[in-house]
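A.B. asks: To start, I am sharing the structure in question, which I have written as structure tokens.
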Amino acid sequence: MIAVITGDIINSRELPLLWMATLKEALSALPKKNTKWEIFRGDSFQIALPPTEAFLTALYVKACMRALKGADVRMSIGIGSVLDDHVAKVTEANGEAYINSGEGFDALKSSKVNLTVKTPSAQFDEDMNLYFKLALIAMDSWSPIAAQVVKQTIENFNEKQDKIAKISGRSQSSISEALKRAHFSEMMELENKFRTLLAATF
């Protein structure tokens, strides 16, 4: 099984052109092993990656885009089988994971949420999508500063806050406060829940 994230930039035409460089930088920072990505149709993208990494990756891409004033992203995580994992382009691949991701993405606008998951398990989807809706209350309200700190914290996942403070040029107290405002510890609890439910379901 693999995960496929299909996403696009919300209201991209109204943003400064800097958003494309921000998106490319975010996708280029993803681990190279077992991860492929492609930007298509101007402001859309797809990422193929291991299922266990899907939520943290979505969280990271969200933080990167929210760090740019006025920018945001919507994403659908599809999980399932893949017909051919050796195609050169992510957008040319096919299989259950791609279909699930595409169907979930098509439903995003009507459901008025910016993150969803679709898998072969209806129960997994029901549980995780409720958690996502609750998490989005915080994520959709991240300020650029809070999002930047979340981004840097994920990039330096095993580092302590004083190290992240040095990297960001902020005080440790401001890092701590920004992560608190972003509800980062709760996001990490959800990330662990996502992995736990995946292991129990599939």
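The values are calculated or read from the model by the stated rules, or taken from the named source; none is laboratory data. Keep in mind the model is a prediction, meaning the values are calculated, not measured. As a convention, Cβ positions derive from the backbone with ideal geometry for all residues, glycine included, and neighbour counts pool all protein chains shown. Side chains are part of the model used for accessible areas, which takes the heavy atoms of the whole protein and leaves out ligands, DNA and RNA. Shrake-Rupley method; radii C 1.70, N 1.55, O 1.52, S 1.80 Å.
A.B. asks: Answer with yes or no whether Thr91 is open to solvent by 20 Å² or more (accessible area, probe 1.4 Å) and part of a helix (DSSP H, G or I).
C.D. replies: So Thr91 passes the test.
A.B. asks: Then there is this: If a residue must be in a helix (DSSP H, G or I) and either more than 18 Å from Ile137 (Cα to Cα) or open to solvent by 40 Å² or more (accessible area, probe 1.4 Å) (or both), how many such residues does region 152-187 contain?
C.D. replies: The qualifying residues number 22.
A.B. asks: Restricting the search to region 57-80, which residues are assigned to a strand (DSSP E or B), open to solvent by less than 10 Å² (accessible area, probe 1.4 Å) and of a type outside the set (Val, Ile, Thr)?
C.D. replies: Of everything in region 57-80, those that are assigned to a strand (DSSP E or B), open to solvent by less than 10 Å² (accessible area, probe 1.4 Å) and of a type outside the set (Val, Ile, Thr) turn out to be Met75, Ser76, Gly78, Gly80.
A.B. asks: Which of the residues spanning region 109-124 are crowded, with 19+ Cβ neighbours inside 10 Å and in contact with a Ser or Thr (Cβ under 9 Å, 6 or more places away or on another chain)?
C.D. replies: Answer for region 109-124, where residues must be crowded, with 19+ Cβ neighbours inside 10 Å and in contact with a Ser or Thr (Cβ under 9 Å, 6 or more places away or on another chain): Leu115, Thr116, Val117, Lys118, Thr119, Phe124.
A.B. asks: Tally time: how many residues in region 26-45 are outside any strand (DSSP E or B), of a type outside the set (Ser, Thr, Tyr) and either open to solvent by 30 Å² or more (accessible area, probe 1.4 Å) or at positive phi (or both)?
C.D. replies: 8
A.B. asks: Can I ask one more? Which is under 18 Å from Val150 (Cβ atoms) and either assigned to a loop (DSSP other than H, G, I, E, B) or open to solvent by less than 40 Å² (accessible area, probe 1.4 Å) (or both), of Ala48, Ala54?
C.D. replies: Only one candidate qualifies: Ala54.
A.B. asks: Within region 125-151, how many residues turn out to be in a helix (DSSP H, G or I), free of Cβ contacts under 8 Å to residues at least 12 places away in the same chain and open to solvent by 30 Å² or more (accessible area, probe 1.4 Å)?
C.D. replies: Here the count works out to 4.
A.B. asks: Follow-up. Among the residues that make up region 103-110, is at least one of them out of contact with any His (no Cβ under 8 Å at 6 or more places or on another chain), touching a residue at least 60 places away in the same chain (Cβ under 8 Å), among the small types (Gly, Ala, Ser) and part of a helix (DSSP H, G or I)?
C.D. replies: Taking region 103-110 as the starting set, the residues that turn out to be out of contact with any His (no Cβ under 8 Å at 6 or more places or on another chain) are 103-110.
Imposing the further condition that a residue be touching a residue at least 60 places away in the same chain (Cβ under 8 Å) reduces the set to 104-105.
The next check asks that each one be among the small types (Gly, Ala, Ser); those that pass are 104.
Then keep just the ones that are part of a helix (DSSP H, G or I); that gives 104.
Yes, region 103-110 has at least one match.
A.B. asks: Quick one: is Ile99 open to solvent by 60 Å² or more (accessible area, probe 1.4 Å), modelled with pLDDT under 95 and either part of a helix (DSSP H, G or I) or over 22 Å from Ala29 (Cβ atoms) (or both)?
C.D. replies: Judged against the criteria, Ile99 is not a match.
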